[in-house]
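Okay, structure first, notes after.
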Amino acid sequence: MISIKTKQEIELMRDVNRIIGLLFEHLRPLIQPGITTYELDREAELFIRSHNAKPGFKGYRGYPATICASVNNEVVHGIPGPRKLVEGDIISIDVGAIKHGFNADAARTFPVGKISEDARRLIDVTKRALDAGIDKARPGNRLYDISAAVQKVAESAGYGIVRDFVGHGIGRNLHEDPQIPNFGKQGTGPVLKEGMTFAIEPMINMGTWKVKILNNGWTVVTADGSLSAHFENTIAITNDGPYVLSVP
Ligand code: MF3
Ligand code: CO
């Protein structure tokens, strides 16, 4: 069942998601060669707590950190550690927070210093795929209109859209119904209604869509070793159009 939030509840979700939008602006200048993913994690946790919220991922199904930090061929769920970023890397940072009993969830892929043209294009296409999906999040549309729009942007650029991980409903729980695949058939799926709140999150590989999970049980990497990017926003469906919650 897809839960419907009231306007007041959506404003509470806006409040916690805005913190994550602000956090990305706080982290952006720190993402430089030499910083470790652990340092970015600590910075994120302090920022979230200083805004009277709690990290949303820490302890969730045993996840050990505030952020997921996925570098280069890592797709999602990279665990922060002593790895130092180097010029030319790309890093996807995925963060959750909880406040007022509601969850925030968002991700961005950042360049580390100067990156290749190819990596830049992957990042741009992934962001565009997210925006194309969000644009379909309107009352009266079907769920897989979102999926199909994301898939079209990724595949027409020649990239692989990850199939093993999906977006999701979000609210009092981090993961609620429905699952939101990043591929699907336009005009199918549940009818979208005002008050639904979704985390839409395309994960796009420069090579094939195939992924594998490392022995730590968390880190997802591309099967072919190619680069991967990830953008995610939490949005609400309103009669005035998609309301993006996880921005400053
Ligand atoms: N955005 C990711 C998701 O929705 C982040 C979850 S990481 C976890 O699955 F640690 F919380 F599992
Ligand atoms: Co998510």
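Brief remarks on what is shown
- For the stretch 78-86, Karplus couplings with θ = phi - 60° (6.51, -1.76, 1.60), whole Hz, Gly/Pro x: x, 8, x, x, x, 4, 8, 5, 10
- Surface accessible to a 1.4 Å probe, HIS175 within the full protein complex, Å²: 90
- Across the options ASN52, LEU122, ASN216, the greatest Cα extent toward the positive end of the charge dipole of the chain (unit charges at beta carbon of Lys, Arg, Asp, Glu) belongs to ASN52.
- Estimated from helices alone, the mean residue ellipticity of the chain at 222 nm is -9000 deg cm²/dmol (sum of -39500 (n - 2.57) over DSSP H runs with n ≥ 4, per residue).
- Taking the protein heavy atoms of the stretch 98-248 in the context of the full set of protein chains, the accessible area attributed to carbon and sulfur is 49 percent at 1.4 Å.
- Positive dipole terminus of the chain, leading residue within ASN173, GLY225, ALA157 (C-beta point charges): ASN173
- Residue of THR197, THR37, THR208 that the Gaussian network model of the chain assigns the largest fluctuation, springs spanning Cα pairs under 10 Å: THR208
- In a DSSP loop and with at most 14 other Cβ atoms within 10 Å, the trypsin sites (Lys or Arg not before Pro) in the stretch 151-248 are ARG163, ARG172, LYS185, LYS193, LYS210.
- Within a Gaussian network of the chain (alpha carbon springs, distance under 10 Å), most fluctuating of GLY133, GLY225, GLY96: GLY225
- Summing Cβ point charges (Lys, Arg +1; Asp, Glu -1) relative to the Cα centre of the chain gives a dipole of roughly 260 debye.
- Cβ charges +1 (Lys, Arg) and -1 (Asp, Glu), total dipole of the stretch 1-140, debye: 340
- GNM flexibility winner over the chain from GLU232, GLU87, GLU176 (Cα, springs under 10 Å): GLU87
- Whole-Å distance, taken between Cα centres, linking the stretch 1-40 and the stretch 71-145: 12
- A compact globular protein would have a Cα radius of gyration near 2.2 N^0.38 Å; the ratio found for the chain is 0.94.
- Within the stretch 1-34, backbone nitrogen closer than 11 Å to the virtual label 7 Å beyond the Cα of ASP240 toward Cβ: none
- Taking Cα centre as origin and charging only the Cβ of basic (Lys, Arg, +1) and acidic (Asp, Glu, -1) residues, the dipole magnitude of the stretch 86-181 rounds to 280 debye.
- The stretch 115-248, Cα convex hull volume normalised per residue, Å³: 122
- Averaged per residue, the stretch 7-244 has 42 square angstrom of accessible surface, using a 1.4 angstrom probe with ligands and nucleic acids left out.
- Pairs from the table (LYS58/LYS185; LYS7/LYS54; LYS152/LYS193; LYS54/LYS84) lying more than 31 angstrom apart at Cα are LYS58/LYS185.
The values are calculated or read from the model by the stated rules, or taken from the named source; none is laboratory data. Computed from a prediction, not measured in an experiment: that's the story for all the values here. Please note: Cβ atoms are built from the backbone with ideal geometry, for glycine as well, and neighbour counts cover all protein chains shown. Heads up: the accessible areas ignore ligands, DNA and RNA and are worked out on the full protein's heavy atoms, side chains in. Shrake-Rupley method; radii C 1.70, N 1.55, O 1.52, S 1.80 Å.
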